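The values are calculated or read from the model by the stated rules, or taken from the named source; none is laboratory data. Treat the numbers as computed from the prediction; the structure is a model and nothing was measured. Because the Cβ atoms are built from the backbone with ideal geometry, glycine has one as well, and the counts that use them run over all protein chains shown.
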Amino acid sequence: MGFGIPNNSSNISGLELGFGSKLDIVNGLQLNIAYSNADRINGLQISLLNKNNYSNGLQIGLRNISYERMNGLQIGLINTAKELHGLQIGIINKTTTLKGLQLGVFNSADNGVFAAMIIANGRF
């Protein structure tokens, strides 16, 4: 378990709490007020701003970013993932490669049947 303001550590298994943090690997819950940043996350990331490179799990925040691959669910106002295998729920959803579903006001997937859609966009 980690705790800090900010918490800059290497690996966390279990619970990490703080104002903001940048970690290498999270296996469990990364819960911060301002921002959560991890190279790899297996579990849940909750903050106003969530960032990672590889995610297996769930991101909940105002702004969610997965720079490489997201396997799971993003819930926020603005969600972006380079490669999404799962579901995005938000006002604006953006991905390069979609294998799943986007639900929101504006949805964009470069490989989609339509590059941009309102309400829903999917590719399976």
Practice prompt. Give the number of residues within the range 40-51 that are more than 15 Å from Ile78 (Cβ to Cβ) and in contact with a Phe, Trp or Tyr (Cβ under 7 Å, 6 or more places away or on another chain).
Written response: 1
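Going by what's in this entry, would Gly18 be described as surrounded by 15 or more Cβ atoms within 10 Å (Cβ to Cβ) and modelled with pLDDT under 95?
Details: surrounded by 15 or more Cβ atoms within 10 Å (Cβ to Cβ): yes; modelled with pLDDT under 95: yes.
Yes: the conditions hold for Gly18.
What strands (runs of 3 or more DSSP E), lying completely within the range 37-124, carry at least 2 residues that are more than 20 Å from Ile12 (Cβ to Cβ)? If you could, list the steps in order and put the result at the bottom.
Values: elements: 49-60, 63-75, 78-89, 92-109, 116-123.
Filter on the range 37-124 gives 63-75, 78-89, 92-109, 116-123.
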